[in-house]
């Protein structure tokens, strides 16, 4: 908004300019340079695909002439005088404002607004600041309270990952609705290693961690659940720091979402659900970012609401609806002097066994905790974990090799492997369950029997009927024996679960809380029958 600047404003700004060098000498260690994002130079010749607002900022998604996708942010423009005023207010707030711990957003904004007005009045600019108060609020909240220059990226619910491999390379993102472009470049560029180091330090502080030349990397999680992986300086990464933020959705994907996305179909979901109720033990395998953790979370949400579930993770990513949820995380010290206080997954699996869980879910097995988990499921606990492997056969080879050392007898306790991966369909990156392979124990060997398979030609799954599935699945026959079912009763149970899931889709029950409530009603109704 344009406004006529008063004589008081002009004199005040001259005073600020005149004292600039003096202030720099007094506070040489503290700088508050404002970085406003603008799409201008990045849009040349680009085809605009979509525009939308994120608060006071505007997002433009476009395709450049070379086919590269870009995500461009326009923030409120600030004049040179506005920037100087921002720097002065930030300095005063940095030196004087008291921290607000666990305060609601409205209280924090009110506190920032009060401080802006107080500082501006003290330097005779109160009347003029009112005309740019909204813009000052935007930038000061962005830089003091939120995530700074990546604030818009953190607010956008359609962004999955944020990555910066180099201070000389534009920050990239993965956008759910534009996955066909892969990584979208943004107009965020640090340019300077010191500036990026400072950003990384502030980012890591949000996880209650520190990162220095002595401990130059951090893998942690914020209070909101976002996973942060970062390096500092040139100690272990060249030419300097880098970071990746894997955003945590406030409303996790449910089984309804996965069926709607065709990550799996109704019959596969009903099959997995029936195995879970029988306390099966299975592994979700695939490469990084294939969606393994998302699938595990959706599967857990189908468990009976009255059971106790223990989850064990390095960094807490799972969110499940059960009241009786025991959440355990590993602990790792920052130096060799603290390593004696480390608590690893193997120790936590052993601890979990003493707390009478119905199910033990391990975020990912990498070491000797695999054998402990196998022992747990051998005593009647249900179990789920994820595992990096290209296929079931290579998964068994890895399980039998150091440091996992799971013997053949232990491998026979695995019910099935769910293999998941990222694939490209019609130019878009999607996630699919590639196949489900059951582990069928023989006298002194293991037979791998594929029961479901994805067809990339028409994006469907086979088998697609309950009768065909019954012919293929050995594990369903075991469920039939465990539950005292006849074959017809088992088919009826599968059909009932399939119809229930289909009804969730028809009635558009997709939100986490809605789906959770519907599963609770399903189990309650089953007991009354």
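Both the radius of gyration and Dmax for segment 150-276 are 17.7, 55 Å, in that order, over alpha-carbon atoms. Exposure proxy for 397, 349, 423, 112: other Cβ atoms within 10 Å of each Cβ, ordered fewest to most, give 397, 423, 112, 349.
Taking the simple approach of a point 7 Å from Cα along Cα-to-Cβ for both residue 511 and residue 471, what is their distance in nm? Rounded to a tenth, the inter-label distance reads 4.4 nm.
Dividing the convex hull volume of the alpha-carbon atoms in segment 255-527 by its residue count gives 145 Å³ per residue.
Size descriptors for the chain: radius of gyration and Dmax over Cα atoms are 27.4, 94 Å.
Normalised by 2.2 N^0.38 Å, where N counts its residues, the alpha-carbon radius of gyration of segment 47-191 equals 1.20. Estimated at 0.36 nm per residue, the fully extended path between residue 160 and residue 455 surpasses their Cα-Cα distance by 103.5 nm. Between the Cα long axis of helix 133-144 and the first principal axis of the chain there is an angle of about 60°, rounded to the nearest 10. Each label point was placed 7 Å from the Cα along the Cα-to-Cβ direction; for residue 214 and residue 485 their separation is 5.9 nm. Measuring from a point 7 Å past the Cα of residue 523 along Cα-to-C-beta, which residues in segment 374-408 have an amide N at less than 20 Å? What the label zone holds, given the 20 Å backbone N cut-off, is 377, 380-385. As a calculated quantity, the FRET efficiency between residue 94 and residue 191 at R0 = 30 Å, using C-beta atoms, amounts to about 0.85. If R0 equals 35 Å, the separation of the Cβ atoms of residue 495 and residue 423 corresponds to a calculated FRET efficiency of about 0.75.
Please find the FRET efficiency linking residue 114 to residue 198, where r is the Cβ-Cβ separation and R0 is fixed at 45 Å, and quote it to the nearest 0.05. So the FRET efficiency works out to roughly 0.95.
A simple spin-label model places pseudo-atoms 7 Å from Cα toward Cβ; at residue 169 and residue 224 they are separated by 2.4 nm. With semi-axes defined as the square roots of five times the eigenvalues of the C-alpha gyration tensor, the equivalent ellipsoid of segment 412-456 measures 29, 9, 6 Å, largest first.
By how many degrees, 0 to 90 and rounded to 10, does the Cα axis of helix 266-277 deviate from the longest principal axis of the chain? That works out to roughly 80 degrees.
Just so you know, all these numbers are worked out from the coordinates, no wet-lab data involved. No experiment lies behind these values; they were computed from the predicted model shown. In this analysis, Cβ positions are derived from the backbone assuming ideal geometry, glycine residues included, and neighbour counts consider all displayed protein chains.
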